[in-house]
Amino acid sequence: MLTPTSPTLADGTRIDDLVNLATREVQMRALSDPEIYELEMERIFGRIWVFLGHESEVPNAGDFITRDMGSDSVLITRDKSGEVHVMLNMCTHRGMRVSTLDAGNTQIHTCIYHGWAFRPNGDFLGAPVDKEQMHGKILSKKELGLKRARVTLYGGLIFATWNIDGPSFEEFLGDAKWYYDMLFLRSDKGLEVLGPPQRFTVRANWKAAGEQSAADGYHTLTLHRWLGEVGNYKKDDGGAADLSPEMYGAEVSSPHGHALRCIDLARKIRKLTGKEPNDLSLEEKLLALPPSGMTPEMVPQLKKHLSDGQLQALTWMPPQVGGIFPNVLFGFVYIPQADGTVVGSVTLHAYVPRGPDKLEFVNWILAEKDAPAELRDKMRKQTTRLFGTSGMVEQDDSDTWPHMTLAAKGAQGKKMTLKYQAVYETGKPEGWPGPGIINEGFTKDDTQWHWWLYWRQLMNGEI
Amino acid sequence: MSDFQPGQTVPIGSPTYNRVLEFLYIEARLLDETRLKEWAATLAEDLLYTAPLRETRPVSQMPASYVRTTQHFEDDWRSIQGRVMRLTGTKSAWAEDPPSRTRRLVTNVMVEQGDKPDELRVRSYLLVTRSRFNFDEFDLISAERQDVLRDVGGTFKLARREILLDQAVLGTPNLAIFL
């Protein structure tokens, strides 16, 4: 079998040289180099499953939205039969964008340049002045359809890939699927978006945000220290604002760079019920603190859709934040309220590459379709205030990544390294019901290191 | 807020108009000088403070270009106080520490009688220049603001603000500043 050689950059550096397997370091150069960026667009965003949105954004036949899949604009449509399609948003004639809009509804997508027309499934309908046959005779109409991506809907989430014959979405998720199912396949009707996503630009390389999404729990301690200083998480520890007790749990790593932080609920359950979690049944725990975004009335749905093991994990250390490789962050968090209750917040972010030094932060706010209106309202407000554009938590993240990107341009800085040397030595929690690489204790660097290992593999063309 | 109708505004240069202008200028100064607690004291306790998302839509669908199902800001008096508390009462509000250097340029002010006798509807254009660190680029934030000002014992309080941003994808990394 042919072993692919690691790609070589213009100055002779190989991708392999950027990731030091022995010392768990990554050269900073990776965060700004234009050559590396171009390679990523081909070998990562051009090959793997990319998250684009939620099917509730195109609920009706003819609905469409435009999004970016790596560095390409794509058109996401729903056809008359209800099927969701993802296509390159480029007219096959002269390369004009088929749609210049963010969203709309039409049964015919007509390019404004020369008028070539396409169906929502991408089929070429025809070109103006039919009798002149302006699309020529060299290619058949069938060959002139929009370039189609392969699509998967997972719990309503729209993923697409240009790798038409590549691994299935399930293979891509691997063992991590067991955990994502607890979030996205937990209810009868599933999640939906509460509106279109917030979008804003951050002058940072997409990987500064991407690698953080691979379950960097540690940064919360310092970057989000304010949470311990004021508000509902405030610590009564004489101003130390020590958030470290929140950082214990278990972390799921994946050979495909996916990552989940499963955070211990014991303290929250104690606070809400005044009882020891061990003295409560699974049912009692679920009713005392239903999963983020669910109500006690919805608890029976969980039992229908999830296994005993998943229910056990969900009431012990549920996944609360993490990523789907390469550029997705999910949050299913519990936000303590001033009145002692807890309101869930469900978000998804995509960090869309916009060149080596820029990313577009896309933030969706979600809720269960059959959650009561009052809960959806609370979740939306809570999420808007803490995450995304004006979110008091994430405004500190988006102000940090640009400095890493700038530092990675320095002649000396680019030769320095990102370090992932805090290594788990614990292994699986005793009695843990779930699969995969999982370690217990205070958050460590393993999940992010695995993120980079998959990045390296993909960049080397090993997959 | 209803669509703007020429000829129904409080005359430019009238005493009421000047009072509104003074309020907006002082507000801009308080925010630019990060005197956030003083600014927060000008807010009515039933405040609604929102910033719709924008989508690129065709001329025929302009109302749909304003998205209010999900927004950039969806705040009330209490949550704004929380934001101010984070910015003024902690040592870790990094998104604005060191603070941005901002100029809030407020123009094109139009004032109308509000729905209640003690309220005025105020539209203004806002251009914020935001400079961070030693970056040579400014973040520019342009918007129309549609406010309701309430006269409380001779002093205006901001009772409603909707910030209609012009960008579908904002060109600033966060809204850690008030608009």
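The values are calculated or read from the model by the stated rules, or taken from the named source; none is laboratory data. These numbers come from a predicted model, not from an experiment. So basically every Cβ, Gly included, is an ideal-geometry build from the backbone, and we count neighbours across all protein chains shown. Protein only, heavy atoms only, side chains kept; ligands, DNA and RNA dropped before computing areas. Shrake-Rupley method; radii C 1.70, N 1.55, O 1.52, S 1.80 Å.
Among the residues of the stretch A:85-97, how many are open to solvent by 10 Å² or more (accessible area, probe 1.4 Å) and in a strand (DSSP E or B)?
Total satisfying the criteria: 2.
Of all residues in the stretch A:220-239 being in contact (Cβ under 8 Å) with a residue 24 or more places away in the chain and over 30 Å from A:PRO296 (Cα atoms), which is farthest from the other protein chains (Cβ to nearest Cβ)?
The residue in question is A:LEU221.
Taking the stretch A:119-138 on its own, how many of its residues are on the phi < 0 side of the Ramachandran plot and open to solvent by 80 Å² or more (accessible area, probe 1.4 Å)?
7
Within the stretch B:85-114, work out how many residues are out of contact with any strand residue (DSSP E or B) (no Cβ under 8 Å at 6 or more places or on another chain) and of a type outside the set (S, T, N, Q).
12
Among the listed residues A:THR77, A:THR23, A:THR66, A:THR100, identify the single one that is buried (at least 22 other Cβ atoms within 10 Å of the Cβ), among the polar types (S, T, N, Q), in contact (Cβ under 8 Å) with a residue 12 or more places away in the chain and not in a helix (DSSP H, G or I).
It is A:THR77.
Quickly run through the stretch A:387-399 and pick out the residues that are under 15 Å from B:ASP76 (Cβ atoms) and in contact (Cβ under 8 Å) with a residue 40 or more places away in the chain.
A:MET392
In the stretch A:26-58, which residues are part of a loop (DSSP other than H, G, I, E, B) and closer than 19 Å to A:GLN198 by Cα?
A:VAL58
Taking only pairs six or more apart or across chains, which ones have beta-carbon atoms under 8 Å, a first residue in the stretch A:421-446 that is within 17 Å of A:THR23 (Cβ to Cβ) and at pLDDT 95 or above, and a second residue that is among the small types (Gly, Ala, Ser) and assigned to a loop (DSSP other than H, G, I, E, B)?
A:LYS444/A:ALA422; A:ASP445/A:ALA422
Go through the stretch A:312-327 and give me each residue that's in contact with a Lys or Arg (Cβ under 7 Å, 6 or more places away or on another chain) and either more than 26 Å from A:GLY210 (Cα to Cα) or surrounded by fewer than 20 Cβ atoms within 10 Å (Cβ to Cβ) (or both).
Of everything in the stretch A:312-327, just one residue is in contact with a Lys or Arg (Cβ under 7 Å, 6 or more places away or on another chain) and either more than 26 Å from A:GLY210 (Cα to Cα) or surrounded by fewer than 20 Cβ atoms within 10 Å (Cβ to Cβ) (or both), namely A:THR315.
If the requirement is being under 28 Å from A:GLU394 (Cβ atoms) and surrounded by fewer than 17 Cβ atoms within 10 Å (Cβ to Cβ), which of these qualifies: B:GLU27, B:GLU22, B:GLU45?
Within the list B:GLU27, B:GLU22, B:GLU45, the selection yields B:GLU45.
Counting only residues that are open to solvent by 40 Å² or more (accessible area, probe 1.4 Å), farther than 19 Å from B:THR34 by Cα and among the basic types (Lys, Arg), which one in the stretch B:134-179 is nearest to the other protein chains (Cβ to nearest Cβ)?
B:ARG160
Among the listed residues B:ARG86, B:ARG104, B:ARG68, B:ARG78, which satisfies the condition of being more than 7 Å from chain A (Cβ to nearest Cβ) and buried (at least 21 other Cβ atoms within 10 Å of the Cβ)?
Checking each option against the conditions leaves just B:ARG104.
How many residues, within the stretch A:157-202, are hydroxyl-bearing (Ser, Thr, Tyr), open to solvent by 20 Å² or more (accessible area, probe 1.4 Å) and away from every other protein chain (no Cβ under 14 Å)?
Number of matching residues: 1.
Restricting the search to the stretch B:49-63, which residues are loosely packed, with under 13 Cβ neighbours inside 10 Å and under 24 Å from the mean Cα position of the chain (by Cα)?
B:MET62, B:PRO63
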